Amino acid sequence: DRFLLCLNKYSNDFNRSWMRGVCFTFITAIGFYFALNYWGMETPYFVIEYHFKDFGQVLLGFISIIDVTDWTDTKDLFDLTPTGKVILFFAKLAVSYGIWQTIYAFYKFKRQ
């Protein structure tokens, strides 16, 4: 119960802040994107230097993690290991939770 309360506090401040939901979703996606890049791929998709090489491809990879319904058709973008598939599954789950929390925070504006 404490874990769920903590998650609810940081994801949308107990249904009071939709902006926290947006921030939670992006921070979660970025964290999973780095984990997927370094531990879940045969060859890393990007290496952090002073600048990203081919930033468009890096951005497409990030969007493919946020796009849980596959509207952009980028599902074959990564060459994943079995560990990478598990990381991608949990990333999609966490991003979906963040999207739901963002939507649910708008219920405070519902007319009675």
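Quick notes
- Helices (runs of 4 or more DSSP H) enclosed by the range 1-90 - at least 2 residues per element that are within 14 Å of the chain's Cα centre (by Cα) and more than 20 Å from residue 105 (Cβ to Cβ): 18-39, 55-66
- Residues being open to solvent by 70 Å² or more (accessible area, probe 1.4 Å) and within 10 Å of residue 98 (Cβ to Cβ) - total across the range 11-51: 3
The values are calculated or read from the model by the stated rules, or taken from the named source; none is laboratory data. Note that the structure is a prediction, hence the values are computed from the model and not measured. Cβ atoms come from the backbone with ideal geometry, glycine included; neighbour counts cover every protein chain shown. Each accessible area value is taken on the protein alone, full model and side chains, heavy atoms only, with ligands, DNA and RNA left out. Shrake-Rupley method; radii C 1.70, N 1.55, O 1.52, S 1.80 Å.
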